[in-house]
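The values are calculated or read from the model by the stated rules, or taken from the named source; none is laboratory data. Just so we're clear, the structure is a prediction, and the values are computed from it rather than from any experiment. Glycine gets a Cβ as well: all are built from the backbone with ideal geometry, and neighbour counts include every protein chain shown.
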Amino acid sequence: MLDKNGIAKRIAKEVKDGYYVNLGIGIPTLVANFVRDDIEVEFQSENGVLGMGPFPYEGEEDPDIINAGKQTITTLPGASFFDSAMSFSMIRGQHVDLTILGAMEVAENGDIANWKIPGKMVKGMGGAMDLVASAENIIVAMMHTNRAGASKLLKRCTLPLTGVGCVKKIVTNMAVIEVTEGGFELLERAPGVSVEAIKEATEGHLMVRGEIPEMKL
Amino acid sequence: MINKTVPNVSEALKGVKDGMTFMFGGFGLSGIPENAIAELVRLNIKGLTCISNNAGVDDFGLGLLLQQNQVKKMISSYVGENDEFERQMLSGELEVELIPQGTLAERCRAAQAGIPAFYTPAGYGTEVQDGKETREFNGKMHIMERAFDADFGFIKAWKGDAAGNLVFKGTARNFNPNMCGAAKVTVAEVEELVPVGELDPNEIHIPGIFVQRIFKGAHFEKRIEQRTVRQR
């Protein structure tokens, strides 16, 4: 079973040379730490920066330079700042190559829910609805089950949706799963996790074809 | 040169009244019009509709208006950082319209640009779509969204001049340029009010035509919400 860093490490392998990437809050943010340093990638943050760098050294924090998680950041040479409308022109206009975001639930038809639990928690969708409605390449980073142990990979989402039929790939602490016409297809197992255990933790229909390899991290 | 300068925040906010709709620039606490917010707290006007990406934190930013129950309705995309906000929303005291961030930005830009409505795919098939016109373009479904209609827009810029020209800094830019000229009156507070002619016309982010009143903010705390650092 992977921890959050393990999930981020596996997703980092999906990041290719020349990609502009938008990282959501939480596990997705960690992906930046594991991208190979022999490829050129630029991270976009929807609050208005392209070419995001690492956190600043202590004492060098600037309240005017933050990411979408409101964390202080730095910029790399070649970076740019822009307004929110332009930021979402990049996103809606499909200029961003890869979107990685977290989820509360994903359904086997690619629906995603990650912004609201009616009556309990309403944080809002932020940029997630714009991202999932337009991005061609969306990877969801999440734990396979919630804190109560219930599956987050469902036949149908039960929470209010963020987007319909948009998720292509899911990387969890247990597996790499592709969302296909026929439902969830198991691609890889996390180290030490059996196909049976993944089936057990997946409420939606899980297709298993042939031998399922263990993830290479 | 048409002079847009006003001497202080009280002059800048002349005309604000109970029940009005305001736009506030800022993302999180970055680039928020701190001086205008402080003045609205002092004036204690009520029944406000506030358009802002976030709702501040409990004791800063728009959280200060919420504490005094000055806000009737919030239109935002993300409100996760404010416990009092969540409490007022879940109890029904506060009306909240949550909308996608890109839609929020574009509804400002549309108001600025004189475009009454536009189509976006964001939120199609979700509750954001409820009650809205939908239409297919190029095989994909879209929702019709309308331009905002606000009384005042409160903007924070880094530098500005008497002509109302503005320059923003870093990610404190965010929604600020999109809200300029999007409300009936645009009020900009700046850290530095520089002499006319000092700003390079090539590097002005917002031309003064979009700004009605400009003043140098008396105080900017510029609070950091999530201080994250790395070790040397």
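Confirm whether residue B:189 is modelled with pLDDT of 95 or more and buried (at least 24 other Cβ atoms within 10 Å of the Cβ). So residue B:189 fits the description; yes.
Table: residues versus (1) modelled with pLDDT under 95; (2) more than 9 Å from every other protein chain (Cβ to nearest Cβ); (3) out of contact with any Lys or Arg (no Cβ under 6 Å at 6 or more places or on another chain); (4) surrounded by 15 or more Cβ atoms within 10 Å (Cβ to Cβ).
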position	(1), (2), (3), (4)
B:198	no, yes, yes, no
B:203	no, yes, yes, no
B:210	no, yes, yes, yes
B:217	no, yes, yes, yes
B:222	no, no, yes, yes
B:232	yes, no, yes, no
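Condition test on residue B:198, is it touching a strand residue (DSSP E or B) at 6+ places or on another chain (Cβ under 7 Å), of a type outside the set (A, V, I, L, M, F, W, C) and part of a strand (DSSP E or B)? It is false that residue B:198 is touching a strand residue (DSSP E or B) at 6+ places or on another chain (Cβ under 7 Å), of a type outside the set (A, V, I, L, M, F, W, C) and part of a strand (DSSP E or B). Of all residues in region B:112-122, exactly one satisfies the criterion of being among the small types (Gly, Ala, Ser) and either touching a residue at least 60 places away in the same chain (Cβ under 8 Å) or over 30 Å from residue B:208 (Cβ atoms) (or both), namely B:122. Considering (1) touching a residue at least 24 places away in the same chain (Cβ under 8 Å); (2) within 19 Å of residue B:62 (Cβ to Cβ); (3) of a type outside the set (Phe, Trp, Tyr); (4) not in a loop (DSSP other than H, G, I, E, B), the lone condition that residue B:96 does not fulfil carries the number (1). Condition first: facing chain B (nearest Cβ under 10 Å) and in contact (Cβ under 8 Å) with a residue 60 or more places away in the chain. Can you find one or more residues in region A:109-126 that meet it? So far as region A:109-126 goes, yes, one or more of its residues are facing chain B (nearest Cβ under 10 Å) and in contact (Cβ under 8 Å) with a residue 60 or more places away in the chain. Scanning region A:91-102 for residues that are over 14 Å from residue A:23 (Cβ atoms) and in contact (Cβ under 8 Å) with a residue 60 or more places away in the chain turns up just one, A:95. The strands (runs of 3 or more DSSP E) found wholly in region A:89-208 and carrying at least 2 residues that are among the charged types (D, E, K, R) and either surrounded by fewer than 23 Cβ atoms within 10 Å (Cβ to Cβ) or over 15 Å from the mean Cα position of the chain (by Cα) (or both) occupy A:183-189. Among the residues of region A:34-49, those that are within 30 Å of residue B:105 (Cα to Cα) and either without any contact (Cβ under 8 Å) to a residue 40 or more places away in the chain or among the polar types (S, T, N, Q) (or both) comprise A:40, A:41, A:42, A:43, A:44, A:45, A:47, A:48, A:49. Please work out if residue B:178 is modelled with pLDDT of 95 or more, surrounded by fewer than 15 Cβ atoms within 10 Å (Cβ to Cβ) and within 14 Å of chain A (Cβ to nearest Cβ). No: the conditions fail for residue B:178. Criterion first (out of contact with any helix residue (DSSP H, G or I) (no Cβ under 7 Å at 6 or more places or on another chain) and charged (D, E, K, R)) does residue B:34 satisfy it? Criteria met by residue B:34. Note on region B:123-179: enclosed strands (runs of 3 or more DSSP E) holding 2 or more residues that are closer than 19 Å to residue A:48 by Cβ and touching a residue at least 12 places away in the same chain (Cβ under 8 Å) are B:150-161. Residues that are surrounded by 19 or more Cβ atoms within 10 Å (Cβ to Cβ), within 11 Å of another protein chain (Cβ to nearest Cβ) and among the basic types (Lys, Arg) do not occur anywhere in region B:137-149. Among the candidates B:30, B:52, the residue that is crowded, with 24+ Cβ neighbours inside 10 Å, under 28 Å from residue A:25 (Cα atoms) and facing another protein chain (nearest Cβ under 10 Å) is uniquely B:30.
Scanning region B:24-53 for residues that are assigned to a helix (DSSP H, G or I) and closer than 19 Å to residue B:157 by Cα returns B:34, B:35, B:36, B:37, B:38, B:39, B:40.
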